[in-house]
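What follows is a single structure, written as structure tokens, with notes after it.
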Amino acid sequence: MTIGELTSVIAALATDAGLEEQLTDEVLAQDETRDLIVPALTQAFADDLLMPLSWLQETADLLTAKRQMILYGPPGTGKTYLATRLGEALAGPDRTSLVQFHPSYGYEDFIEGFRPRLAENGMIGFDLVPGPFKNAVEAAEKEPDRPYVLVIDEINRANLAKVFGELYFLLEYRNREITLQYSPDEPFKLPKNVFVIGTMNTIDRSVALIDAAMRRRFVFRALAPDRLPVDGLLRRWLEREKLPVLPALLLEEVNRRLNDPDRAVGPSYLMAPNVATRRGLELIWAAEILPLLEDQLYGKLNDIEAEYGLPALLAALGHTLP
């Protein structure tokens, strides 16, 4: 005799038998046979982001097909903003969450681990506490026909093999059960409606250094100042805000001189209302753009100000500040 778990398909069996009216909300919530409903992106969404709808929809389609995606590019290209907005468009704000990785982040932080607590007798005890990933899975299981999006900011700043552990298997084999190291008696699976969007700064670490196991489980989407959808984004934003085009000319000149897509400066630094004023532009350049360039070009250029300072760029462009 073979015994199988029917909870995830009992709704479909009951429907085939004409008993759908007797199904409870709890049973329906665990029905994995329902098709996943992923809304199409709208032109209004694309217009708000100032990005081509075709590129955004293709990105959404890739995410839906693979379930895991990494947006990568240099600083200021809007990776985290786009990941969050895309998640909210596909799943809704209440079903989109964000976690940021860092070098000390581990499996116990992301999936589950023991956390100290103070007991009533004053002694220290430990509770098994779920992390953002288990919380996302729990939320996704409540409505299996709707996506749940987990955004992982700066995904390459952590030791991915250490953080994901046995989830490497589940990222490739959805709905297959495994046991987690802290919950060996509770089968765990990753439902099909959990989407993961990671962001990766190409300055911190080359995309090429992501191990093969992770690369096979994710699709990669580049955000670079010299290609769609980021190319021309600052010009489009300035036009929408009815601001002078000079900041876009300055950014284009900087990236032309850098001549390195992985180290280019993204438009987000200059997408601020005060960029239209002399003082505002000078402050952004002195406090954000030049320090970034000094870090990127450390040991390669003796005088950053002479090459990338605001006066030098303005003179090359034949412009003056308002």
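The set of residues in segment 256-280 being out of contact with any Asp or Glu (no Cβ under 6 Å at 6 or more places or on another chain), part of a helix (DSSP H, G or I) and closer than 25 Å to ASP48 by Cβ consists of PRO267, SER268, LEU270, PRO273, ASN274, VAL275, ALA276, GLY280. Which count do you get for residues in segment 101-131 that are out of contact with any helix residue (DSSP H, G or I) (no Cβ under 8 Å at 6 or more places or on another chain) and part of a strand (DSSP E or B)? Residues that pass the stated criteria total 10.
In segment 115-126, the residues that are under 21 Å from TYR182 (Cα atoms) and at pLDDT 85 or above form Cβ pairs under 9 Å with partners that are of a type in the set (A, V, I, L, M, F, W, C) and open to solvent by less than 100 Å² (accessible area, probe 1.4 Å), at six or more places apart or across chains, as follows: ARG115/LEU128; ARG115/VAL129. In this entry, THR320 passes the filter for residues that are open to solvent by 80 Å² or more (accessible area, probe 1.4 Å) and β-branched (Val, Ile, Thr). Screening ASN302 on (1) touching a Lys or Arg at 6+ places or on another chain (Cβ under 9 Å); (2) modelled with pLDDT under 95 shows it passes everything except condition (1). In this structure, does VAL194 turn out to be over 30 Å from VAL38 (Cα atoms) and of a type in the set (A, V, I, L, M, F, W, C)? Here the answer is no, as VAL194 does not meet what is asked. Every listed requirement among (1) more than 30 Å from LEU238 (Cα to Cα); (2) open to solvent by less than 70 Å² (accessible area, probe 1.4 Å); (3) over 15 Å from the mean Cα position of the chain (by Cα); (4) not β-branched (Val, Ile, Thr) is met by LEU49 save one, (1). Checked against (1) open to solvent by 90 Å² or more (accessible area, probe 1.4 Å); (2) of a type outside the set (Gly, Ala, Ser); (3) within 23 Å of ILE197 (Cβ to Cβ), LEU118 passes all but condition (3). ASP295 - would you say it is surrounded by fewer than 17 Cβ atoms within 10 Å (Cβ to Cβ) and within 21 Å of THR77 (Cα to Cα)? Yes, satisfied. Pairs are defined by a Cβ separation below 6 Å, a sequence spacing of at least 6 or placement on different chains, a first member in segment 57-76 that is closer than 26 Å to ARG263 by Cβ, and a second member that is among the hydrophobic types (A, V, I, L, M, F, W, C) and in a helix (DSSP H, G or I); the pairs so defined are MET69/LEU63; LEU71/ALA83; TYR72/VAL207. Residue-level analysis places LYS134 among those that are part of a helix (DSSP H, G or I), at pLDDT 95 or above and over 30 Å from PRO267 (Cα atoms). Using the structure shown, decide if ALA140 is of a type outside the set (Ser, Thr, Tyr), in contact with a Pro (Cβ under 6 Å, 6 or more places away or on another chain) and over 17 Å from TYR105 (Cα atoms). Considered against the rule, which asks whether it is of a type outside the set (Ser, Thr, Tyr), in contact with a Pro (Cβ under 6 Å, 6 or more places away or on another chain) and over 17 Å from TYR105 (Cα atoms), ALA140 comes out as yes.
Can you say whether GLU288 is farther than 22 Å from ASP48 by Cβ, touching a residue at least 12 places away in the same chain (Cβ under 8 Å) and either open to solvent by 60 Å² or more (accessible area, probe 1.4 Å) or among the hydroxyl-bearing types (Ser, Thr, Tyr) (or both), as far as the supplied structure shows? Against the criterion (farther than 22 Å from ASP48 by Cβ, touching a residue at least 12 places away in the same chain (Cβ under 8 Å) and either open to solvent by 60 Å² or more (accessible area, probe 1.4 Å) or among the hydroxyl-bearing types (Ser, Thr, Tyr) (or both)), GLU288 qualifies. State whether one or more residues within segment 82-98 are touching an Asp or Glu at 6+ places or on another chain (Cβ under 9 Å), open to solvent by 10 Å² or more (accessible area, probe 1.4 Å) and over 22 Å from PRO39 (Cβ atoms). Looking for residues that are touching an Asp or Glu at 6+ places or on another chain (Cβ under 9 Å), open to solvent by 10 Å² or more (accessible area, probe 1.4 Å) and over 22 Å from PRO39 (Cβ atoms), one finds none in segment 82-98, hence no. Before we move on, is GLU112 among the acidic types (Asp, Glu) and open to solvent by 20 Å² or more (accessible area, probe 1.4 Å)? No; evaluated as a whole, the condition is false for this residue. Scanning segment 168-192 for residues that are in contact (Cβ under 8 Å) with a residue 40 or more places away in the chain and closer than 15 Å to ALA212 by Cα turns up TYR168, LEU171, GLU172. Restricting ALA83, ALA89, ALA44 to residues that are more than 15 Å from the chain's Cα centre (by Cα) and aliphatic (A, V, I, L, M) narrows the list to ALA44. Considering (1) over 30 Å from PRO273 (Cβ atoms); (2) open to solvent by less than 80 Å² (accessible area, probe 1.4 Å); (3) free of Cβ contacts under 8 Å to residues at least 40 places away in the same chain, the lone condition that LEU234 does not fulfil carries the number (1). Scanning segment 137-162 for residues that are open to solvent by 60 Å² or more (accessible area, probe 1.4 Å), of a type outside the set (Asp, Glu) and in a helix (DSSP H, G or I) yields a count of 3.
The values are calculated or read from the model by the stated rules, or taken from the named source; none is laboratory data. What you see is a predicted model, and the numbers here were worked out from it, not measured in a lab. Ideal geometry is used to build each Cβ from the backbone, glycine not excepted, and the neighbour counts take in all protein chains shown. Just so you know, the surface numbers come from the protein's heavy atoms only, side chains and all, with ligands and any DNA or RNA stripped out. Shrake-Rupley method; radii C 1.70, N 1.55, O 1.52, S 1.80 Å.
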